[in-house]
Protein chains: 2
Amino acid sequence: MAGQHTLAETERAVQSRLADLTLDFEAMAVVSNLFRAANAVRNHLERTVLQPHDLTWTAFVVLWVTWIWEPIETRQVAEEGGFSKATLSGVLTTLEGRGLVTRERSKQDRRLVLVRLTPNGRRLMKKLFPEFNDQERVVVASIPRGERGSAAQALRQLSIAVQT
Amino acid sequence: MAGQHTLAETERAVQSRLADLTLDFEAMAVVSNLFRAANAVRNHLERTVLQPHDLTWTAFVVLWVTWIWEPIETRQVAEEGGFSKATLSGVLTTLEGRGLVTRERSKQDRRLVLVRLTPNGRRLMKKLFPEFNDQERVVVASIPRGERGSAAQALRQLSIAVQT
DNA sequence: CTTCGATCGTCCGTGTCCGAACGATAGCGG
DNA sequence: CCGCTATCGTTCGGACACGGACGATCGAAG
């Protein structure tokens, strides 16, 4: 939803299709801008930081979570990263093939699989994360310094509001 | 990034990996919560509104954009929806197969393809969009009424900040 | 010790999602 | 009117992304 039409134009167009219904355009604007922003920021970070290292977004998230919490169980990686176990399984196979992470069955509970970074993986993250954080700085530069905390809090509220 | 660790725990863990570097944790929190919120909201809307009608997120966005602006060129649909022309091409084929949209070559410029809704597609959207907007209301209910405008504006700023 | 329900990670099928390459078309300069 | 260059939508290959089904494993109840 990152088009060229203004909000007012969109409202007028929608209104003409559903003239008889009362709609919440403010809610529509918040949700629509949420996805527009998430898409734009993700594309920016992928282009500027991830693509030069031949990493996808999801692969980077997996590396990041593992880097911070290793050794970590796969279910926790999926939970922290916000995607399904099925998705993680494929990404882990890719990263394992590139020699960035290792899988290892837990001795205590042989249903679990522990994920770790290889030395190469750690070296990559030590170089990559500062670059990533630099670009995060660029992204939030448009929000006044004093409002960043409340912005993060409002976004957190959105997540909590829709949790089942 | 929707895990169980607190922000403070994460900061401490990251700091211990990069003790020698100055990082912007506030920027990190904003970006991370942005994706957490976008994912959570999308999942919520998919579950509550889209799945009962057997529609994916992207398919709904395509239908919505087309519904508002038809007839519309495919490049504009992709631009408004925030995905690539390649992605759109596949989704359009699916929607065409289900009899919800039509493709038509432009007479003026035969490189262009115009997209329209079928009567069935229009009927579906007329029923679906009010349901969607109802859930958008639920999502933003956690943000105080007076702050929704500025929240939408802040998100819009994020998109603009990373536009090349 | 044995059954049984719960939970783990993986696999499968289907549907996005993108960059790159492609053929078709348009509009320009000569 | 004829190449050149730009732009269009599609296709292709590879990597996500998810729900559901699966075998392996655990813990508890009997």
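The figures follow:
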| item | result |
| --- | --- |
| As computed over the range B:5-108, the Cα convex hull volume per residue (Å³) | 159 |
| Rounded to 10°, Cα long-axis angle of helix B:119-140 versus longest principal axis of chain B | 20 |
| Cα-based helix-to-principal-axis angle, B:148-161 vs chain B, degrees rounded to 10 | 90 |
| Area of B:His53 that stays accessible when all protein chains are in place (1.4 Å probe, Å², to 10) | 50 |
| With DNA, RNA and ligands ignored, accessible area of B:Ser16 (1.4 Å probe; Å², nearest 10) | 80 |
| Charge tally in the Cβ shell below 13 Å around B:Met125, where Lys, Arg are +1 and Asp, Glu are -1, B:Met125 excluded | +4 |
| Shortest-first nm distances, A:Glu70 label point to equivalent points in other copies (7 Å, Cα→Cβ) | 5.2 |
| Nearest residue to the symmetry axis between A and B, taken on chain A by its Cβ, in whole Å | A:Ala38, 2 |
| Cα pair distances exceeding 17 angstrom across the range A:114-164, given as percent | 60 |
| Whole-number D in µm² s⁻¹ for the range A:72-116, Kirkwood Cα-pair radius fed into Stokes-Einstein, 20 °C, 1.002 mPa s | 201 |
| Set of lysines near B:Lys126 by C-alpha distance (under 28 Å), chain-local residues within fewer than 8 positions excluded | B:Lys85 |
| 20 Å-binned pair-distance histogram of the protein assembly as shown (Cα, whole percent) | 29, 55, 16, 0 |
| Helix axis angle, B:7-17 relative to chain B longest principal axis, alpha carbon, degrees | 70 |
| Peptide ranges B:131-138, A:63-70, B:145-152 listed from the most packed, as the mean C-beta count within 10 angstrom indicates | A:63-70, B:131-138, B:145-152 |
| Placed amide H near A:Ile72: partners under 5 Å, 5+ positions off or other chain | A:Val115 |
| Label spacing, shortest first and in nm, from B:Glu147 to its equivalents in the remaining copies (7 angstrom along Cα→Cβ) | 1.2 |
| Simple spin-label estimate for A:Leu21 and B:Leu21 in nanometres, 7 Å along Cα-Cβ | 4.8 |
| Label spacing, shortest first and in nm, from B:Ser89 to its equivalents in the remaining copies (7 angstrom along Cα→Cβ) | 3.1 |
| Alpha-carbon spread of the range B:54-164, three principal axes, descending order, Å | 48, 37, 21 |
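The values are calculated or read from the model by the stated rules, or taken from the named source; none is laboratory data. Just so you know, these numbers come straight off a predicted model, no measurement behind them. Note that we place each Cβ from the backbone using ideal geometry, even for glycine, and neighbour counts take in every protein chain shown. The accessibility values were calculated without ligands, DNA or RNA, using every heavy atom of the protein model including side chains. Shrake-Rupley method; radii C 1.70, N 1.55, O 1.52, S 1.80 Å.
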